[in-house]
Structures are given as C-alpha cells and as structure tokens.
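The values are calculated or read from the model by the stated rules, or taken from the named source; none is laboratory data. Note that the structure is predicted; figures quoted are calculated from it, not measured. With ideal geometry, Cβ positions are generated from the backbone for all residues, glycine too; neighbour counts draw on all protein chains shown. Areas reflect the complete protein model, heavy atoms only, side chains present, ligands, DNA and RNA absent. Shrake-Rupley method; radii C 1.70, N 1.55, O 1.52, S 1.80 Å.
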Amino acid sequence: MNIFNADLHCHSTVSDGTLSPETLAGRASANGVELWALTDHDEIGGQQRARDAARAQGLPHLTGVEISVTFAGETVHIVGLGFDDRNEALCQGLAATRGGREERAREMAAELLKVGIPGAFEGALKYVGNPDLISRTHFARYLVETGRCSDTNDVFRKYLADGKPGYVPHRWAGLGDAVRWITQAGGVAVIAHPGRYHRFTPTTEFALFSEFKEHGGQGVEVVTGSHTTAEYGKYAAMAIEFGLAASRGSDFHSPAESRTDLGKLPRLPPQLTPVWELLAERITHPA
C-alpha cells in the first residue's frame, strides 16, 4: 500500500488555491492520483463539490481540511481526513477559527501602508474566492501583481514573515480542540508538514508530537511538497517513534506557485503504516 499514489493535501479557490475543486479533481486524476482529498484552510465548504467532482472523474476520495492551531506561540497546521463534513461541532469550530481573519487582514494592510504600500486589503480581496478566508497568500499575490516582489516566496521573505513589516500574528484554535473536532467527527488528525516549523527546537517538536498523540492524533505528513529528502527520513523515524500513521500530500495551491504538482511526490517509505489504511471504510469510491 505504500506505493499507492495518494495525494491528501491540496487547496482550492475555497481557501487560498487558484483552481476550483472541480479542476483540482481533474488534475489529480490526470496525474495518476489514486486517492484524493481537498484540504482547504479552516473551511469545508468545498467538500461536496470535491466529492461530486471526484466521482465524476472515477477518483476515490476522502473528506479533508487543514486547521490552523497555535502551539508554543507558533502557527501549526493539522490536517483532518475522512470525517463527517456535516458534523456540527466541527463546522462550528471551523467557523470560529475563520472569524478572526478579516480583522487580521485589515491590520496587515495598515502595517503595509506604513512602509509605502497602499490599498493592500482591497488588492488582496481581488484574489479571494471566500472573503472569510483572506490570508497572507492573497496579499502576496497582490504584491507580485503590483511589482513589489518577483514572486510570492519573495513577498513572504520581505513583508509577511514574522518580524517583517506586514506580519500580524493570529490566535488560532488550540491543538486539542482541532484534534477533537476531527476525531469526534469520525476522522483522523494528521500533523501537516512538520518540517516547516523551523522555529521549533527539538524539545518543542517533541512536545508537539507528544501532545498531539495524547489528544488522539493518529498521523503525520512524511512525504509532502515542502519536505526535503532528509526530512522524509526524519519524519518517517518520528512516525515510528510515536506510533503514528504516515500521510502524503503535495500541498498544491497553484500551477504557477507550487513546486510539487498533485500526484508527483515520491512514495512513502516502506516501513510505515499509510494513513489511508486507517481510513479504508471512510473512502468514497466511484460507482
């Protein structure tokens, strides 16, 4: 099962991707994906569209979401897979998490104005499919459009990372809350791209994995678009150490911005338990 081409992390126009759920399903199918999940940020409004599109493509599908949490003063992402997307507690929790995004975005625009960049809030809104989910990525696209930076990665380095002129922190959900919303809705919680939390010391990272497991988390992304080959090995070892299943996902946002396309990742290391084995009964298979 480790050679299975699952892609369980990507984003549509419902959050900060540039393609619709339907286009993503088609792209996944064309790229040989054998199991797909759409994991928009803090939002499951695209799940029915994703499910219908996957069925039309003959593509096995899992529900998905990527929840923003605050842990040790930093933003960490938890992917949920295979949950009931009509679960009331999950829907209410995600709505509360989304609630602070507009206020944060207006503060970001005010900070950018101080360094000579006017109109950033209105500019970012042009790229937003769902105004409740305005994010740094939308600001980045606007700053590229206006010639402030060459690409979105350049924007983050100069303006939107911690300590830069346009950075405004946000208080997200708690780790335990996010894991509970997912598991109580019948899903599996997964630590997303752990190699991206560069500010964590080894002690903090150990605490994250430990607390995640205590709250009922069951998986970790080992092979993902932002991990290096060395990190595949590191997080494979940590999956074994903590008794976690391994997930795999490109974190695809856009053909122009993402360095890894849907379905184009290396396979999971062979000694791991794939997360989809825990979710076999939750997979929607085409008729």
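Values for this structure:
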quantity: Choice from Gly249, Gly93, Gly80 with maximal GNM fluctuation in the chain (Cα, 10 Å cutoff); calculated: Gly93
quantity: For region 1-143, alpha-carbon Rg and Dmax in angstrom; calculated: 16.5, 53
quantity: Net charge of neighbours whose Cβ lies under 14 Å from the Cβ of Leu35, counting Lys and Arg as +1 and Asp and Glu as -1; calculated: +1
quantity: Within straight-line cross-link reach of Lys164, lysines at Cα separation under 27 Å, skipping those fewer than 8 residues along the same chain; calculated: Lys114, Lys126
quantity: Cα-derived Rg to Rh of region 76-129, Kirkwood definition; calculated: 1.15
quantity: Helix-only [θ]222 nm of the chain, DSSP H runs n ≥ 4, -39500 (n - 2.57) each, per residue, nearest 500; calculated: -10500 deg cm²/dmol
quantity: Cα-projected label distance for Ser226 with Thr146, points at 7 Å along beta-carbon direction, nm; calculated: 2.5 nm
quantity: DSSP-assigned coil residues among trypsin sites (Lys or Arg not before Pro) in region 98-170, each with at most 14 further Cβ atoms within 10 Å; calculated: Lys126
quantity: Region 105-204: relative contact order in percent, alpha carbon pairs under 8 Å with at least 6 residues between; calculated: 19 percent
quantity: Per residue solvent-accessible surface (Å²) - the chain, probe of 1.4 Å; calculated: 41 Å²
quantity: Whole-number D in µm²/s for the chain (Stokes-Einstein; Kirkwood sum over Cα pairs; 20 °C, 1.002 mPa s); calculated: 113 µm²/s
quantity: Cross-link reach list, lysines versus Lys213, counting only Cα pairs under 21 Å and skipping chain neighbours closer than eight places; calculated: Lys234
quantity: Computed Kirkwood radius, in angstrom, where 1/r is averaged over Cα pairs of region 148-194; calculated: 13.4 Å
quantity: Most to least accessible of Cys91, Cys149 (protein chains only, probe 1.4 Å); calculated: Cys91, Cys149
quantity: Per-residue SASA entry for Tyr159, accessible area with 1.4 Å probe, Å² rounded to 10; calculated: 40 Å²
quantity: Hits among aspartates and glutamates - C-alpha to C-alpha of Lys158 under 14 Å, sequence gap 8 or more where chains match; calculated: Glu111
quantity: Global form of region 197-287, assessed from the alpha-carbon gyration tensor, a/c cut-off 1.5; calculated: oblate
quantity: Gln184 versus Asp132: modelled label distance in nm, points set 7 Å from Cα along the beta carbon direction; calculated: 1.8 nm
quantity: Full-extension gain in nm, Ala30 to Ala96, via 0.36 nm per residue minus C-alpha separation; calculated: 20.2 nm
quantity: In nm, spacing of pseudo-spin labels at Ala287 and Ala72 (7 Å Cα→C-beta vector); calculated: 4.9 nm
quantity: Region 126-152-region 59-107 distance, computed between alpha-carbon centres (Å); calculated: 20 Å
quantity: Accessible-area composition of region 82-239, carbon plus sulfur, in percent [1.4 Å probe]; calculated: 49 percent
